[in-house]
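The structure under discussion appears below in the form of structure tokens.
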Amino acid sequence: MENELIQWLSQPGLTHYLMIGALLFCIGITLVLTRRNVIMILMGIELILNSVNLNFIAFSRFSVITLDGHLTALFLIILAAAEAAVALAIVLNIYNRFKTIDIDEISLLKG
């Protein structure tokens, strides 16, 4: 029994990568849904995007040998970097105006 577990863990396959991707996705969704801090919500979104990247690369590696999954993951990394830059600029503007980054306190629209 112990030998089989060690052998299963020593040669990672598609299942291992999908389980790690699912774990990252669940952690990201939990962060987005439960946190009220904008920075933590952005970190949750980044975890979700990274789990998707991991799944794309895993499927690309263990299925047909093409670069489709790798190119899609590269595009998502570029998209995540642009999203992070824009989101942080918005967070800085919100902080300058409201002096907080708590979602509950800035949810009111002021004219």
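Here are the numbers for the structure shown:
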{"quantity": "Point-charge dipole on Cβ atoms (K/R +1, D/E -1) for the chain, about Cα centre, debye to 20", "calculated": "440"}
{"quantity": "Dimensions in Å of region 10-111 - Rg and Dmax from alpha carbons", "calculated": "17.2, 60"}
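Laboratory data are not the source of any read-out in this text; all were calculated from the coordinates shown. The shown structure was predicted, so the numbers you read here are calculated from the model rather than taken from an experiment. Every residue, glycine as well, gets a Cβ built from its backbone with ideal geometry; the counts of neighbours run over all protein chains shown.
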